[in-house]
């Protein structure tokens, strides 16, 4: 693991998700840019001190020299955004597979370069857009792809939070500090942090790609350097329209990611804070609530269901599902086999598209909320 030491939030989440199915063991790490803090974090996790490093560069150098039966199968990157590209590139080129927290990189240029590295090295790169790992999100995706909703007309994806409604970054709060710092977070604040989740979720469920968008970013809290609220109108390829809204100054909201998809025959909605339910709506009958773990859900939703109906699954299980799918690919790579077909985890292509979304939103907003064409995104060729 790179990053994720003492005081970090997402590192512990990744460790739980990676260990959930008993398929991975944490054996090494560079947990902080401060060597002493890295060593202390490694001790907290009962790791061999010899495999706890003061930098990711030292870690790559030492671990690449390990015997084949001892060397790492993959590394996990859970650093602030500006520290994603350098270790990802180094470890891929050193022969290691990579799982990285989102967004993929600091900017679009880095994301495009990283995709070239992934293609050249032929290593596995997985990106943890974790909400797509939810069982009922997969059910929603299958309903859309099957034509159950008819022709898609409108998509509304929202991600309101309220935790940055004050100048929290000035209090020493670590998460607020780096997420609102353009030198560490990138060109966008709220949109880069959570708006990318809303965009990725809408693309995953509907299969729609953005043609153009019109964005209005605002920094409501005085003294803040990046946006804390964003409102985006979207035109999708094929004619559907959309609204993507993300906010971190929505007082009283916790983690209210939700999506509504409207078709000509039916519509659906899913709320992250009630992840076990999918609401399905019709023009001529009462709305239905479909629940995870029941016999009427589809094959894909059933495949990702971990416990019987009535036992809630949520954030951690969704993360675990992303890891489990990535592990199928990593296992095949380690043993020199082709990965199974139809694996369901976010890849570098999702990372590139997510960074293109951030860049286009920022550009549109700086132009005074003008409509801006989405850049052309070339997908990685299928092996």
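Values in this text are rule-based calculations from the coordinates and carry no lab data. All figures in this text were calculated on a predicted structure; none of them were measured in a lab. Glycine also receives a Cβ, built like all others from the backbone with ideal geometry; neighbour counts cover every protein chain displayed.
A few notes on this one:
- Centre-to-centre, using Cα atoms only, region 3-36 and region 278-293 are separated by 39 Å.
- Set the Cα radius of gyration of region 280-325 against 2.2 N^0.38 Å, with N its number of residues, and you get 1.37.
- For region 3-69, radius of gyration divided by Kirkwood radius, i.e. Rg to Rh on alpha-carbons: 0.97
- Over region 77-220: Rg over Rh, Cα atoms, Kirkwood Rh: 1.00
- Value of Rg to Rh for region 190-311 (Rh from inverse mean 1/r over Cα pairs, i.e. Kirkwood): 1.02
- Take the Cα radius of gyration of region 2-131 and divide it by 2.2 N^0.38 Å, N being the number of residues; the result is 0.99.
- Additional length obtainable on full extension of the chain from residue 93 to residue 243, 0.36 nm per residue less Cα span: 50.1 nm
- Each helix, a run of at least 4 DSSP H residues, gives -39500 (n - 2.57); summed and divided by the residues of the chain, these come to -10000 deg cm²/dmol at 222 nm.
- Summary of packing: across the peptides 189-196, 355-362, the per-residue average of other C-beta atoms within 10 Å ranks them, highest first, as 189-196, 355-362.
- The Cα atoms of region 249-379 give a gyration tensor whose axes a ≥ b ≥ c have a/c of 1.5 or more with a/b no greater than b/c, which makes the shape oblate.
- Pairwise inverse Cα distances across region 43-112, averaged and inverted, put the Kirkwood hydrodynamic radius at 13.0 Å.
- Convex hull per residue volume in Å³, alpha carbons only, for region 135-201: 118
- Cubic angstrom per residue, convex hull over Cα atoms of the chain: 143
- Most fluctuating residue given options 77, 322, 210, as computed from a GNM of the chain linking Cα atoms under 10 Å: 210
- GNM result for the chain, Cα springs below 10 Å: residue of 261, 75, 307 fluctuating most strongly: 307
- Spin-label model distance (nm) - residue 216 vs residue 146, 7 Å beyond Cα toward Cβ: 3.9
- Inter-label distance, residue 46 to residue 12: 1.7 nm, where each label sits 7 Å from its Cα along the C-beta direction.
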